[in-house]
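Novice: Encoded as structure tokens, here's the structure I'll be asking about.
The values are calculated or read from the model by the stated rules, or taken from the named source; none is laboratory data. This one's a predicted model, so the numbers in the text were calculated from it and none came from an experiment. FYI the Cβ positions are ideal-geometry reconstructions off the backbone, even for glycines, and counts take in every protein chain you see. Heads up: the accessible areas ignore ligands, DNA and RNA and are worked out on the full protein's heavy atoms, side chains in. Shrake-Rupley method; radii C 1.70, N 1.55, O 1.52, S 1.80 Å.
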Amino acid sequence: EPIPTLTSHQRNLVEMLQANESRFQWPTQENVAKVTPWVDSGDEHRCRASRFAHFTELAILIVQLVVEFTKQLPGFMSVSREDQIVLLKACTIEVMLLRAAKQFDKKSKAINFLNGKFYDRSSFYRAGIQVEFVDPIFDFCHSMAKLGLDEAEYALLAAINTFSADRPNIKDIEKVEALQDSYVELLRVYLKIHHPSDPLMFPRTLMKLVELRSLNNYHSEQMFALKVQDKQLPPLLAEIWDM
Ligand SMILES: CN(c1ccc(C(O)(C(F)(F)F)C(F)(F)F)cc1)S(=O)(=O)c1ccccc1
């Protein structure tokens, strides 16, 4: 079967996604400097509180980057404001996890969150995140590492994830489906060009969207667990994820 080529429109789209992927990859050094320090020694209760604060403040910085990336997604601004909010609320945790997987380091089995600061499983446990959420996160990171996607493929998967018309309360389902279809078709051609001898790359990659849904559910369970522990989320995170 002949190897296809991208149309100029498709090539521009991929280049724009990649440019935004790297433009919104890392928080600024000044924002990072303001994050509550990760304290490992001293009174265990205070340390745990500082580590949870460090994590949630880090999550805020990453949420802000994800929102900026999503707003720049070609087509996102053509969706109604109401549906934009619904899409963002549902995809944010999933795009954050895709980002975590992209920044996962196979050697150290840790996630590089801050351009040089690595967080492994035990970091998550010590930040007070429950094993029922931590282990699926790292299993997902491992399975994504095995797939070996490049930057453009990660960005395309994030775009496909964002334009999921089956999120609860979407009004203009046809509009969101049409946008997703254009990114799915682009991923299909892009994978055919970059993995010509592996026709299963496309279905394997799309199946990761299924894994992201279950991670979203594990995160919701973590939100409930925080409520039970009476642990407060910062306002921005509570707005997106609180019940
Ligand atoms: C998607 N991830 C995550 C998101 C939210 C939370 C939390 O929601 C909770 F822990 F509660 F689950 C919180 F609160 F940390 F943000 C925990 C983890 S992550 O592991 O990729 C990540 C960790 C740190 C910074 C940014 C992202």
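Novice: Report yes if some residue within the range 170-178 is closer than 30 Å to Glu132 by Cα and more than 17 Å from the chain's Cα centre (by Cα); otherwise report no.
Specialist: As a first pass, look at the range 170-178 and keep what is closer than 30 Å to Glu132 by Cα: 170.
Those still in the list that are more than 17 Å from the chain's Cα centre (by Cα) too: 170.
Yes.
Novice: Next question. Take Ala238 and decide whether it is over 17 Å from Lys89 (Cα atoms) and either part of a helix (DSSP H, G or I) or within 16 Å of the chain's Cα centre (by Cα) (or both). Steps first, please.
Specialist: Details: over 17 Å from Lys89 (Cα atoms): no; either part of a helix (DSSP H, G or I) or within 16 Å of the chain's Cα centre (by Cα) (or both): yes.
When the stated conditions are applied, Ala238 does not pass them.
Novice: For the condition open to solvent by less than 80 Å² (accessible area, probe 1.4 Å) and of a type in the set (A, V, I, L, M, F, W, C), what is the one hit in Ala33, Ala59?
Specialist: On the way: Ala33 fails: open to solvent by less than 80 Å² (accessible area, probe 1.4 Å).
Exactly one of Ala33, Ala59 is open to solvent by less than 80 Å² (accessible area, probe 1.4 Å) and of a type in the set (A, V, I, L, M, F, W, C), namely Ala59.
Novice: Select, from Arg81, Arg126, Arg121, the only residue that is surrounded by fewer than 20 Cβ atoms within 10 Å (Cβ to Cβ), more than 17 Å from the chain's Cα centre (by Cα), in contact (Cβ under 8 Å) with a residue 40 or more places away in the chain and more than 9 Å from the ligand (Cβ to nearest atom).
Specialist: Details: Arg81 fails: in contact (Cβ under 8 Å) with a residue 40 or more places away in the chain; Arg121 fails: in contact (Cβ under 8 Å) with a residue 40 or more places away in the chain.
Going through Arg81, Arg126, Arg121 in turn, just one is surrounded by fewer than 20 Cβ atoms within 10 Å (Cβ to Cβ), more than 17 Å from the chain's Cα centre (by Cα), in contact (Cβ under 8 Å) with a residue 40 or more places away in the chain and more than 9 Å from the ligand (Cβ to nearest atom): Arg126.
Novice: Tally time: how many residues in the range 142-160 are among the small types (Gly, Ala, Ser) and open to solvent by less than 10 Å² (accessible area, probe 1.4 Å)? Don't jump to the end; show me each part of the working.
Specialist: At the first step, the residues of the range 142-160 found to be among the small types (Gly, Ala, Ser) are 143, 145, 148, 152, 155, 158-159.
Among the residues that remain, those that are also open to solvent by less than 10 Å² (accessible area, probe 1.4 Å) are: 152, 155, 158-159.
Residues that pass the stated criteria total 4.
Novice: Give the range 130-151 a look and list any residue that's without any contact (Cβ under 8 Å) to a residue 24 or more places away in the chain, within 16 Å of the ligand (Cβ to nearest atom) and within 25 Å of Leu191 (Cβ to Cβ), or say none. Quick ask: steps written out before the conclusion?
Specialist: Kept after step one, since they are without any contact (Cβ under 8 Å) to a residue 24 or more places away in the chain, are these residues of the range 130-151: 131, 134-135, 139, 146, 148.
Now narrow it down to the ones that are within 16 Å of the ligand (Cβ to nearest atom): 131, 134-135, 139.
Asp139, the sole residue that qualifies.
Novice: Might you check whether a residue that is touching a residue at least 24 places away in the same chain (Cβ under 8 Å), out of contact with any helix residue (DSSP H, G or I) (no Cβ under 7 Å at 6 or more places or on another chain) and acidic (Asp, Glu) occurs anywhere in the range 20-28?
Specialist: No, the range 20-28 has no match at all.
Novice: Pull out all pairs, ordered by first then second residue, where Cβ-Cβ is under 8 Å, the residues are six or more apart or on different chains, the first lies in the range 194-212 and is farther than 18 Å from Ile160 by Cα and without any contact (Cβ under 8 Å) to a residue 40 or more places away in the chain, and the second is among the hydrophobic types (A, V, I, L, M, F, W, C) and surrounded by 14 or more Cβ atoms within 10 Å (Cβ to Cβ).
Specialist: His195/Met201
Novice: For the range 219-235, which positions are near the ligand (Cβ under 10 Å from one of its atoms), within 21 Å of Arg51 (Cβ to Cβ) and part of a helix (DSSP H, G or I)?
Specialist: His219, Glu221, Gln222, Met223, Ala225, Leu226
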